[in-house]
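Colleague: Please see the structure below; I have some questions.
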Amino acid sequence: MPRWKPDARERLVAAAIRLFSEQGYDATTVAQIAEAADLTRSTFFRHFGDKRDVLAAGQESLSQLLREGVAAAPDDASPLTAVESGLLRASEAMTPERREMGPRLRAVIAASAELRERDQLKHVGLAAETARALEERGIAPRTAALAAEIGLLAFKNAYATWTDGDGSTSFADELCDELDALRATLPDVG
């Protein structure tokens, strides 16, 4: 087995999701994931703490993109518009490979209580990072938290629509449509 090949992290994620969807999360071992990616167990553990962490791959970069986008919003942007700026920046990470993997990933998560919990923790982490970025812009904590949660709800809904689609619409377009729909709904909630 070669000691090094490019894109080890991405290959591990793809192998893990494929194996999780074929044989279930609980039945899949780290050794199987590494083998399917043509890598060693030690390479797996250089990238991930355990097999559950595979599903959080990219969270740090997504958080960074969200923060950058929120910071880059115009000074007079509303909190939700600043979140939209962050989400649009993060949408750059939504590649065709992610779209193709999306339905399998959602099915794997839905089938495991442990993974649903991990997915919720990912959501909480992204919302907290987004809220912090808003607070750095001078937005009150409660308003920042609400805007971040609304934005991440839009992100989640847009992701589901985009991954279930035929690829003719970009993730950014799905995201903008979802944000517009949520904005239109907000007055009815009050």
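Colleague: Suppose we filter region 57-76 for residues that are more than 18 Å from the chain's Cα centre (by Cα) and either at pLDDT below 90 or surrounded by 16 or more Cβ atoms within 10 Å (Cβ to Cβ) (or both); how many remain?
Modeller: Here the count works out to 1.
Colleague: Tell me which residues, restricted to region 17-40, are in contact (Cβ under 8 Å) with a residue 24 or more places away in the chain, open to solvent by 60 Å² or more (accessible area, probe 1.4 Å) and more than 16 Å from A110 (Cβ to Cβ). Quick ask: steps written out before the conclusion?
Modeller: Taking region 17-40 first, the residues in contact (Cβ under 8 Å) with a residue 24 or more places away in the chain are 17-18, 20-21, 24-26, 37-40.
Subsequent filtering for residues that are open to solvent by 60 Å² or more (accessible area, probe 1.4 Å) retains 18, 26.
Within region 17-40, just R18 meets the criteria.
Colleague: Can you tell me which residue is nearest to T143 (Cα to Cα) among those in region 65-102 that are part of a helix (DSSP H, G or I) and of a type in the set (S, T, Y)?
Modeller: Quick first cut of region 65-102, residues part of a helix (DSSP H, G or I) only: 65-72, 79-93, 96-102.
Adding the requirement that they be of a type in the set (S, T, Y) leaves 81, 85, 91.
Numbers: T81: 13, S85: 16, S91: 23 Å.
My answer is T81.
Colleague: On the basis of being open to solvent by less than 20 Å² (accessible area, probe 1.4 Å), among the hydroxyl-bearing types (S, T, Y) and under 25 Å from S21 (Cα atoms), does S112 make the cut? Talk me through it step by step, then tell me what you get.
Modeller: Numbers: open to solvent by less than 20 Å² (accessible area, probe 1.4 Å): yes; among the hydroxyl-bearing types (S, T, Y): yes; under 25 Å from S21 (Cα atoms): yes.
Considered against the rule, which asks whether it is open to solvent by less than 20 Å² (accessible area, probe 1.4 Å), among the hydroxyl-bearing types (S, T, Y) and under 25 Å from S21 (Cα atoms), S112 comes out as yes.
Colleague: Confirm whether D50 is surrounded by fewer than 16 Cβ atoms within 10 Å (Cβ to Cβ) and on the phi > 0 side of the Ramachandran plot.
Modeller: Numbers: surrounded by fewer than 16 Cβ atoms within 10 Å (Cβ to Cβ): yes; on the phi > 0 side of the Ramachandran plot: no.
For D50, the condition - surrounded by fewer than 16 Cβ atoms within 10 Å (Cβ to Cβ) and on the phi > 0 side of the Ramachandran plot - is not met.
A quick yes/no check of all residues on (1) at pLDDT 90 or above; (2) loosely packed, with under 14 Cβ neighbours inside 10 Å:
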site	(1), (2)
G86	yes, no
A90	yes, no
M101	no, no
R116	yes, yes
K122	no, no
A127	yes, no
L134	yes, no
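Colleague: Which of (1) surrounded by fewer than 13 Cβ atoms within 10 Å (Cβ to Cβ); (2) in a helix (DSSP H, G or I) is the odd one out, the single condition T163 does not satisfy?
Modeller: The one condition T163 does not meet is (1).
Colleague: Is it the case that R67 is of a type outside the set (F, W, Y) and in contact with a Ser or Thr (Cβ under 6 Å, 6 or more places away or on another chain)?
Modeller: On the way: of a type outside the set (F, W, Y): yes; in contact with a Ser or Thr (Cβ under 6 Å, 6 or more places away or on another chain): no.
No, not satisfied.
Colleague: Out of L153, L182, report the one residue that is open to solvent by 50 Å² or more (accessible area, probe 1.4 Å) and of a type in the set (A, V, I, L, M). Walk me through how you get there before you give the answer.
Modeller: Details: L182 fails: open to solvent by 50 Å² or more (accessible area, probe 1.4 Å).
So the residue among L153, L182 that is open to solvent by 50 Å² or more (accessible area, probe 1.4 Å) and of a type in the set (A, V, I, L, M) is L153.
The values are calculated or read from the model by the stated rules, or taken from the named source; none is laboratory data. Computed from a predicted structure; not experimentally measured. FYI the Cβ positions are ideal-geometry reconstructions off the backbone, even for glycines, and counts take in every protein chain you see. With ligands, DNA and RNA removed, areas are computed over all heavy atoms of the protein, side chains included. Shrake-Rupley method; radii C 1.70, N 1.55, O 1.52, S 1.80 Å.
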